[in-house]
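S.K.: Got a structure here, written out as structure tokens. Questions coming.
The values are calculated or read from the model by the stated rules, or taken from the named source; none is laboratory data. Predicted, not measured: the structure shown is a model, and the values here were computed from it. Here Cβ is always computed from backbone atoms with ideal geometry, including for glycine, and neighbour counts include all displayed protein chains.
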């Protein structure tokens, strides 16, 4: 699809606008329970009751994005948020990254209806990405706290902010929704939701069942990105109490894009990718590499392009929760949850040839092996937990206390699978079976216990003070299962236990009402991040017993102290908020990548000391007219390493002091203009991301990517006038409307001290998605 197609579709929609009667004002597609209320729905809600900088993105904002867009992408418009992904919808997990106020993704906290999602990293050891946890159309709202997250957030990684996703409840009236989408790169997506409405024969319970299926080609190279999901939710009132049960199933299989370096982009272009459509070429290149020969142009290295790579994830996530008033002054909320995951990340590697006699996918021995094999990183998660809060209304004092416990078992392995020379006999979007070699396999057991208590004290009509603290205890244990195809021995096994104990992590905040519409607020908080239990990240990633012992003896968990001061005001047609913040980040643990990512070398973990951050954020919305609304946010962030990396004798190993932290743009700007007359709606958005470093020493030539600006367009129309047209909606989304070529994700294979590195991913070009929606 091109801009000519866009203009034609725009003209068609405009003609339909003239032909159809106007509906009431709303931004989101109305659900059956909402259709009777035709009020303007705000797409961003500013927090006005808390002592922290918070904003909430509503379902209306998510509905303006392309259906199937990752819910995490919905908050990229907010101040302090730096979001990147190599695909237009933000779902490609190897590339999806979000950072807030200089804290990267694995230093933030994420929950869905209170259920912990872990750090949502690609190789997540204690959770899953939100795009797999729930279908985007079933998100009710997303709440971002840029600085100090709430004490009750169920996370062991939230050094910085927290992102909380809340799902939609089943509608009280019978109805449903059908969305059908098509677009660039053969995108085909369907979403179906059915709401039972209130079931009087079941005591007033109500449920919803949803299914979504998405299939699209990659925007470059050969490969697909496929995803199937089922969401079920049921709410049962029992007197004044309410029980909610939910179950979410996900099956995601996606081919990877080629990781690039600056040199590759200059020599081969942004659209260079894996050679997945040409297996004979991949075999020939591997033969040349192993024989030490010269590569044909345009290749200069075996790392220029691999045959294929993929990410496979299957998840089952369920929870049961209870909300009940115990007395007129005391209420209880409690939930129990379970999550099971299996996954594989595959790479067709020329560094390990298939040996003769290795089994193929069917178990048949390979007589003519290929000079490449399939390398996997394999994951299994089984975690169960529960959390609860008790709230006491004491008049001037609103006291809340809570407890969270989780037991997580995580198995991780590195295996190799055989390939025949004649043809690829292992489809990359299916789980690999019958390995010929297991390089390592580990079992990690992680137990978590977190307690918090806080008091929101109304000192006067104008002043309220929030006081509280949390305690955290996390134990990480590792056991070696296999090393180099054999059972472990005392000499090569990895064992050990790391503890994170923080008995008192305080948080204090205030809010002062300057007037009925204006207030100032501030927060001071301390936080700690637990160690990561994985063989590919954190202290265990070195896969060295001596290193793990050294970490246990000499390193401390990462910790942060955040101070925030802000002001917000609102009027009939506008909302404004501004905040300044200071952050001290201590014991920052960074892994320096060693060689090409496909080789799988263990990173070198170091305590790089402290990081100092100073920043400011501004966000505002103004209603120009009844139909036009303008929104904007601006962020300034200066994050620098406060120390050099030294060895135990004090000798400087890497002079990082005063250098800008990696993947931290100094400036971010987001702006949106929306129009909605009840029938026709449109949005024009633009976002600017400043330059970013991907080397710790800030190489200006070979360690930095340029700034870029992206624009997005939404154009839609809501029909009406009869039973068939009521609830029918057409929507066109255009991402990267100006077709800018840029580097989106950096650090896909980690960060190095200096020099170019194959750790960049190109952003998607202009993409278009057309959707028909029908609510009934």
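S.K.: So, in the stretch 525-553, of the ones that are assigned to a strand (DSSP E or B) and in contact (Cβ under 8 Å) with a residue 60 or more places away in the chain, which residue ends up nearest to residue 570 (Cα to Cα)?
M.R.: Going through the stretch 525-553, the residues assigned to a strand (DSSP E or B) turn out to be 525-528.
Now restrict to residues that are in contact (Cβ under 8 Å) with a residue 60 or more places away in the chain: 525, 527-528.
Working: 525: 27, 527: 31, 528: 35 Å.
Taking the candidates together, the pick is 525.
S.K.: Which condition does residue 756 not pass, out of (1) touching a helix residue (DSSP H, G or I) at 6+ places or on another chain (Cβ under 9 Å); (2) assigned to a strand (DSSP E or B), if it passes all the others?
M.R.: Against the list (1) touching a helix residue (DSSP H, G or I) at 6+ places or on another chain (Cβ under 9 Å); (2) assigned to a strand (DSSP E or B), residue 756 comes up short only on (2).
S.K.: Output the number of the condition that residue 556 fails; it satisfies all remaining conditions of (1) modelled with pLDDT under 90; (2) in contact with a helix residue (DSSP H, G or I) (Cβ under 9 Å, 6 or more places away or on another chain).
M.R.: (2)
S.K.: If you don't mind, another one. Which members of the stretch 196-242 meet the condition of being assigned to a strand (DSSP E or B) and touching a helix residue (DSSP H, G or I) at 6+ places or on another chain (Cβ under 7 Å)? Before you say what the answer is, go through the steps one by one.
M.R.: Our first condition is that a residue be assigned to a strand (DSSP E or B); within the stretch 196-242, this holds for 199, 205-217, 224-238, 241-242.
Listed by number, the residues that qualify are 210, 216, 217, 231.
S.K.: Would you pick out the residues in the stretch 568-584 that are surrounded by fewer than 16 Cβ atoms within 10 Å (Cβ to Cβ) and either closer than 20 Å to residue 615 by Cα or touching a residue at least 60 places away in the same chain (Cβ under 8 Å) (or both)?
M.R.: Step one: of the stretch 568-584, the residues surrounded by fewer than 16 Cβ atoms within 10 Å (Cβ to Cβ) are 571-574, 582, 584.
Answer for the stretch 568-584, where residues must be surrounded by fewer than 16 Cβ atoms within 10 Å (Cβ to Cβ) and either closer than 20 Å to residue 615 by Cα or touching a residue at least 60 places away in the same chain (Cβ under 8 Å) (or both): 582, 584.
S.K.: Mind counting the residues in the stretch 151-181 that are assigned to a loop (DSSP other than H, G, I, E, B) and without any contact (Cβ under 8 Å) to a residue 60 or more places away in the chain? Talk me through it step by step, then tell me what you get.
M.R.: In the first step, residues of the stretch 151-181 are kept if they are assigned to a loop (DSSP other than H, G, I, E, B); the result is 151-161, 168-174.
Remaining after also requiring without any contact (Cβ under 8 Å) to a residue 60 or more places away in the chain: 153, 155.
Number satisfying all stated conditions: 2.
Residues checked against (1) closer than 14 Å to residue 661 by Cα; (2) outside any strand (DSSP E or B); (3) modelled with pLDDT of 85 or more:
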position	(1), (2), (3)
601	no, yes, no
617	no, no, yes
620	no, no, yes
626	no, yes, yes
634	no, no, yes
638	yes, no, yes
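S.K.: Quick test for you: out of 398, 439, pick the one residue that is in contact with a strand residue (DSSP E or B) (Cβ under 9 Å, 6 or more places away or on another chain), in a strand (DSSP E or B) and farther than 23 Å from residue 306 by Cα. Before you say what the answer is, go through the steps one by one.
M.R.: Working: 439 fails: farther than 23 Å from residue 306 by Cα.
Exactly one of 398, 439 is in contact with a strand residue (DSSP E or B) (Cβ under 9 Å, 6 or more places away or on another chain), in a strand (DSSP E or B) and farther than 23 Å from residue 306 by Cα, namely 398.
S.K.: Could you list all residues from the stretch 722-752 that are assigned to a loop (DSSP other than H, G, I, E, B), more than 25 Å from the chain's Cα centre (by Cα) and modelled with pLDDT of 90 or more?
M.R.: Taking the stretch 722-752 as the starting set, the residues that turn out to be assigned to a loop (DSSP other than H, G, I, E, B) are 722-727, 736-742, 747, 749.
Those still in the list that are more than 25 Å from the chain's Cα centre (by Cα) too: 722-727, 738.
Passing the criteria: 722, 725, 726, 727, 738.
S.K.: For residue 93, are the conditions met, namely being in contact (Cβ under 8 Å) with a residue 40 or more places away in the chain, assigned to a helix (DSSP H, G or I) and in contact with a strand residue (DSSP E or B) (Cβ under 7 Å, 6 or more places away or on another chain)? Show your work before the answer.
M.R.: On the way: in contact (Cβ under 8 Å) with a residue 40 or more places away in the chain: yes; assigned to a helix (DSSP H, G or I): no; in contact with a strand residue (DSSP E or B) (Cβ under 7 Å, 6 or more places away or on another chain): yes.
No.
Here's the yes/no breakdown for (1) closer than 19 Å to residue 552 by Cα; (2) at pLDDT below 95; (3) surrounded by fewer than 18 Cβ atoms within 10 Å (Cβ to Cβ):
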| site | (1), (2), (3) |
| --- | --- |
| 469 | no, no, no |
| 472 | yes, no, no |
| 489 | no, yes, yes |
| 494 | yes, yes, no |
| 516 | no, yes, yes |
| 528 | yes, yes, no |
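S.K.: Okay, next question. Could you tell me whether residue 698 is without any contact (Cβ under 8 Å) to a residue 60 or more places away in the chain, surrounded by fewer than 20 Cβ atoms within 10 Å (Cβ to Cβ) and assigned to a loop (DSSP other than H, G, I, E, B)? Outline the logic, then answer.
M.R.: Details: without any contact (Cβ under 8 Å) to a residue 60 or more places away in the chain: yes; surrounded by fewer than 20 Cβ atoms within 10 Å (Cβ to Cβ): yes; assigned to a loop (DSSP other than H, G, I, E, B): yes.
Considered against the rule, which asks whether it is without any contact (Cβ under 8 Å) to a residue 60 or more places away in the chain, surrounded by fewer than 20 Cβ atoms within 10 Å (Cβ to Cβ) and assigned to a loop (DSSP other than H, G, I, E, B), residue 698 comes out as yes.
S.K.: Further, regarding this structure: Would you pick out the residues in the stretch 622-646 that are closer than 17 Å to residue 668 by Cα and touching a residue at least 60 places away in the same chain (Cβ under 8 Å)?
M.R.: 631, 633, 634, 635, 637, 639
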